[in-house]
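See structure below.
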Amino acid sequence: MINRQSNIYTVIYAALLVIVVGVTLSLVYQALRPSQVENMANDTRRQILAAARIYPTADKPVNVLYDEHVRDSFIVNSSGKRINDDTNPFDVNIGEQVKHPESERLLPVFVCSTENGTKYILPVYGAGLWGPIWGYVAFDDNGDTIYGAYFAHQGETPGLGAEIEKREFSSQFDGKNVFNAQGDFTSVLVVKAGREPKDGTPYVNAVSGGTVTSTGVQNMLHNSLEPYTSFLKSLSHSDTETR
Amino acid sequence: MKVPQSLIPLINPFSKDNPVIVQILGICSALAVTAKLEPAVVMTISVTAVLAFANVIISAMRKTIPTAIRIIVQLVVVAALVVIVDQVLKAYAYDVSVQLSVFIGLIITNCIIMGRLEAFALNNSPWPAFLDGIGNGLGYGWILIVVAFFRELLGSGTLWGYQIIPQWLYEHGYQNNGMMILPPMALITVACIIWVHRSRNKDI
């Protein structure tokens with residue numbers, strides 16, 4: 001009979017246990033990895049489509065819908081020029097990009113054809129009260145008017161800041177312009193219900209009780225969309241030229 | 001009704017030996033995942049699976065485990081099972097795994113699991129240990145589901161994501177109780193269940 005209390009037995013037992021558990025876990029990870037990656041990609045696709053007001057249904061899963069609608073995607077720099085490298089716009093980590101100075105950012109653009117014409121979907125990323133908030137904003141092909149917006153958050157307060165993910169909040173952005181009459185980028189402001197900006201900048205109502213998150217959305221839109229200024233303007237120019 | 005002796009580990013945790021309302025274990029996760037019905041059900045299944053398998057594995061190994069590192073061996077087994085459950089959820093139930101986020105990982109620290117391993121699996125053979133795991137997992141789960149039922153119904157007006165409170169009630173001024181969504185109301189709901197349970201079982 002082996003002595004179960006001896007040090008040697010204990011050390012060997014622990015080592016064997018860790019090896020067995022380690023091997024098992026790596027096998028499980030290897031086996032499940034492909035479907036996990038697919039799930040995460042589909043979640044991103046769902047969010048991109050939600051900005052263009054396209055929602056998956058039971059008979060049209062999100063990956064089919066995405067291939068159907070998103071015709072093209074590319075990366076631009078802050079002067080609006082396309083960057084031709086091998087990075088897939090889909091894989092660009094927006095949270096990482098917003099830390100860089102504007103001129104060095106990789107700015108992904110997703111071109112989506114909808115029943116209301118071609119839309120350009122741009123990712124946005126910022127900070128809420130408790131953690132990151134992010135989203136996608138779809139623009140009409142005049143590069144000025146917002147067609148739809150989608151926001152998500154990691155852990156904002158349920159019932160308060162978390163309301164930004166609801167359509168009741170994001171639908172307020174539909175039809176707002178991000179450039180003023182002089183062609184300057186103004187973004188869209190998020191202000192307390194009942195107030196309005198003095199200079200006539202487009203605004204939406206903040207979530208009541210979610211002031212910090214609402215301000216976060218306003219800052220996120222400004223910071224993430226401003227680098228796209230040249231790109232958005234180039235859209236309206238090419239539009240007038242063809243006319 | 002007389003319960004056969006062999007099924008006692010399975011039946012007892014539902015009422016007289018309930019881990020949540022009698023032993024007051026696993027309260028933290030009962031607060032965290034009960035705002036909606038769906039995560040509560042997934043959490044129940046996850047905890048039951050982890051508890052049943054951990055009980056069986058530890059029970060099968062019980063004659064070989066060196067007593068000096070007994071707790072560590074139990075932790076390693078539980079942690080491995082929890083990681084597997086987390087990975088499976090990410091692969092097959094992605095939406096729910098996003099909702100449950102860190103709470104799946106925190107099953108490791110659920111007092112019920114280590115408690116059952118120490119108190120039962122180390123002294124019993126695998127089959128009773130398996131029944132004990134299933135019984136305690138479901139005993140924990142039914143409390144979660146009852147709490148989630150009331151929190152989702154009163155807090156969001158829905159059950160399993162479907163609208164239950166009719167629209168005309170809202171038009172007449174009915175409001176969802178936002179307080180129900182927040183953790184304190186889970187404690188109060190659990191307390192109400194304990195109250196009802198104790199008044200029906202005077203011997204506890």
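Residues that are at the interface with chain B (Cβ under 7 Å from one of its Cβ atoms) and in contact with a helix residue (DSSP H, G or I) (Cβ under 9 Å, 6 or more places away or on another chain) within the stretch A:6-17 comprise A:THR10, A:TYR13, A:ALA14, A:LEU17, listed in sequence order. Residue pairs whose Cβ atoms lie under 7 Å apart, separated by 6 or more positions or on different chains, with the first residue in the stretch B:11-32 and assigned to a loop (DSSP other than H, G, I, E, B) and the second surrounded by 20 or more Cβ atoms within 10 Å (Cβ to Cβ) and hydroxyl-bearing (Ser, Thr, Tyr), are B:PRO19/B:TYR140; B:VAL20/B:TYR140; B:GLY26/B:TYR140.
Looking at A:ASP199, is it closer than 26 Å to A:GLY95 by Cα, free of Cβ contacts under 8 Å to residues at least 12 places away in the same chain and loosely packed, with under 14 Cβ neighbours inside 10 Å? No; evaluated as a whole, the condition is false for this residue.
One residue is enough: does the stretch B:125-143 have a residue meeting the conditions away from every other protein chain (no Cβ under 14 Å) and over 23 Å from B:ILE45 (Cβ atoms)?
So in the stretch B:125-143, the residues away from every other protein chain (no Cβ under 14 Å) come out as B:125-143.
Add one more test, that the residue is over 23 Å from B:ILE45 (Cβ atoms), and what stays is B:125.
Yes.
Tell me, please, whether a residue that is under 20 Å from B:LEU100 (Cβ atoms), part of a helix (DSSP H, G or I) and not aliphatic (A, V, I, L, M) can be found in the stretch B:161-174. Looking for residues that are under 20 Å from B:LEU100 (Cβ atoms), part of a helix (DSSP H, G or I) and not aliphatic (A, V, I, L, M), one finds none in the stretch B:161-174, hence no. The residues of the stretch A:130-146 that are charged (D, E, K, R) and in contact with a Ser or Thr (Cβ under 7 Å, 6 or more places away or on another chain), listed by number, are A:ASP141, A:ASP144.
The residue list A:SER78, A:SER73 contains one member that is touching a residue at least 60 places away in the same chain (Cβ under 8 Å) and either among the small types (Gly, Ala, Ser) or part of a helix (DSSP H, G or I) (or both), which is A:SER78.
Here is a list: A:VAL11, A:VAL70. Which entry is of a type outside the set (Ser, Thr, Tyr) and over 21 Å from the mean Cα position of the chain (by Cα)? Steps first, please.
Details: A:VAL70 fails: over 21 Å from the mean Cα position of the chain (by Cα).
Every option except A:VAL11 fails the conditions.
Looking at this structure, is B:ILE204 over 16 Å from the mean Cα position of the chain (by Cα), crowded, with 17+ Cβ neighbours inside 10 Å and modelled with pLDDT under 90? Against the criterion (over 16 Å from the mean Cα position of the chain (by Cα), crowded, with 17+ Cβ neighbours inside 10 Å and modelled with pLDDT under 90), B:ILE204 does not qualify.
Quick grid of which residues meet (1) within 14 Å of another protein chain (Cβ to nearest Cβ); (2) more than 18 Å from A:THR229 (Cβ to Cβ):
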{"site": "A:SER103", "(1), (2)": "no, no"}
{"site": "A:LEU106", "(1), (2)": "no, no"}
{"site": "A:THR118", "(1), (2)": "no, yes"}
{"site": "A:ILE121", "(1), (2)": "no, no"}
{"site": "A:LEU129", "(1), (2)": "no, yes"}
{"site": "A:ILE133", "(1), (2)": "no, yes"}
{"site": "A:GLY143", "(1), (2)": "no, no"}
{"site": "A:GLY159", "(1), (2)": "yes, yes"}
{"site": "A:GLU163", "(1), (2)": "yes, yes"}
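Looking at the stretch B:46-74, which of the residues that are touching a residue at least 24 places away in the same chain (Cβ under 8 Å) and surrounded by fewer than 17 Cβ atoms within 10 Å (Cβ to Cβ) is nearest to the other protein chains (Cβ to nearest Cβ)? Looking at residues that are touching a residue at least 24 places away in the same chain (Cβ under 8 Å) and surrounded by fewer than 17 Cβ atoms within 10 Å (Cβ to Cβ), I get B:ARG70. Close contacts from the stretch A:98-110, counting a first residue that is within 16 Å of A:ASP86 (Cα to Cα) and a second that is among the hydroxyl-bearing types (Ser, Thr, Tyr) and part of a loop (DSSP other than H, G, I, E, B), with Cβ to Cβ under 8 Å and a gap of 6+ residues or different chains, come to A:ARG105/A:SER78; A:LEU106/A:THR87; A:LEU107/A:SER78. Here's a check for you: in the stretch A:143-190, which residue that is touching a residue at least 60 places away in the same chain (Cβ under 8 Å) and outside any loop (DSSP other than H, G, I, E, B) is farthest from the chain's Cα centre (by Cα)? Ranking the qualifying residues of the stretch A:143-190, first place goes to A:TYR147.
In the set (1) more than 18 Å from A:ALA138 (Cα to Cα); (2) within 14 Å of chain B (Cβ to nearest Cβ); (3) under 18 Å from the mean Cα position of the chain (by Cα); (4) polar (S, T, N, Q), A:THR87 fails one condition alone, (2).
Are any of the residues in the stretch B:29-45 over 17 Å from B:ALA129 (Cα atoms), among the acidic types (Asp, Glu) and away from chain A (no Cβ under 14 Å)? So far as the stretch B:29-45 goes, yes, one or more of its residues are over 17 Å from B:ALA129 (Cα atoms), among the acidic types (Asp, Glu) and away from chain A (no Cβ under 14 Å).
When B:ILE143, B:ILE104, B:ILE108 are screened for being over 19 Å from A:TYR29 (Cβ atoms) and under 18 Å from the mean Cα position of the chain (by Cα), only B:ILE143 passes.
Okay, residues lined up against (1) in contact (Cβ under 8 Å) with a residue 24 or more places away in the chain; (2) out of contact with any Asp or Glu (no Cβ under 8 Å at 6 or more places or on another chain):
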{"position": "B:SER125", "(1), (2)": "yes, yes"}
{"position": "B:ALA129", "(1), (2)": "yes, yes"}
{"position": "B:ASP132", "(1), (2)": "yes, yes"}
{"position": "B:GLY135", "(1), (2)": "yes, yes"}
{"position": "B:TRP142", "(1), (2)": "yes, yes"}
{"position": "B:LEU159", "(1), (2)": "yes, no"}
{"position": "B:PRO166", "(1), (2)": "no, yes"}
{"position": "B:TYR170", "(1), (2)": "no, yes"}
{"position": "B:TYR174", "(1), (2)": "no, yes"}
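Contact annotation: residue pairs with Cβ atoms under 8 Å, 6 or more positions apart or on different chains, pairing a residue in the stretch B:83-103 that is more than 10 Å from chain A (Cβ to nearest Cβ) with a partner that is surrounded by 16 or more Cβ atoms within 10 Å (Cβ to Cβ) and not in a helix (DSSP H, G or I), are B:GLN99/B:LYS36; B:LEU100/B:VAL33; B:PHE103/B:VAL33.
Any residue at all in the stretch A:75-90 that is of a type in the set (S, T, N, Q), surrounded by fewer than 20 Cβ atoms within 10 Å (Cβ to Cβ), in contact with an Asp or Glu (Cβ under 9 Å, 6 or more places away or on another chain) and under 15 Å from A:SER224 (Cβ atoms)?
Step one: of the stretch A:75-90, the residues of a type in the set (S, T, N, Q) are A:77-79, A:84, A:87-88.
When the remaining residues are screened for being surrounded by fewer than 20 Cβ atoms within 10 Å (Cβ to Cβ), the result is A:77-79, A:84, A:87-88.
Now restrict to residues that are in contact with an Asp or Glu (Cβ under 9 Å, 6 or more places away or on another chain): A:77-78.
Next cut, under 15 Å from A:SER224 (Cβ atoms) only: A:77-78.
Yes: the stretch A:75-90 contains one or more residues that are of a type in the set (S, T, N, Q), surrounded by fewer than 20 Cβ atoms within 10 Å (Cβ to Cβ), in contact with an Asp or Glu (Cβ under 9 Å, 6 or more places away or on another chain) and under 15 Å from A:SER224 (Cβ atoms).
Taken over the stretch A:28-59, residues that are more than 10 Å from chain B (Cβ to nearest Cβ) and among the aliphatic types (A, V, I, L, M) amount to 8.
The values are calculated or read from the model by the stated rules, or taken from the named source; none is laboratory data. Quantities reported herein were computed from a predicted structural model and do not represent experimental measurements. FYI the Cβ positions are ideal-geometry reconstructions off the backbone, even for glycines, and counts take in every protein chain you see.
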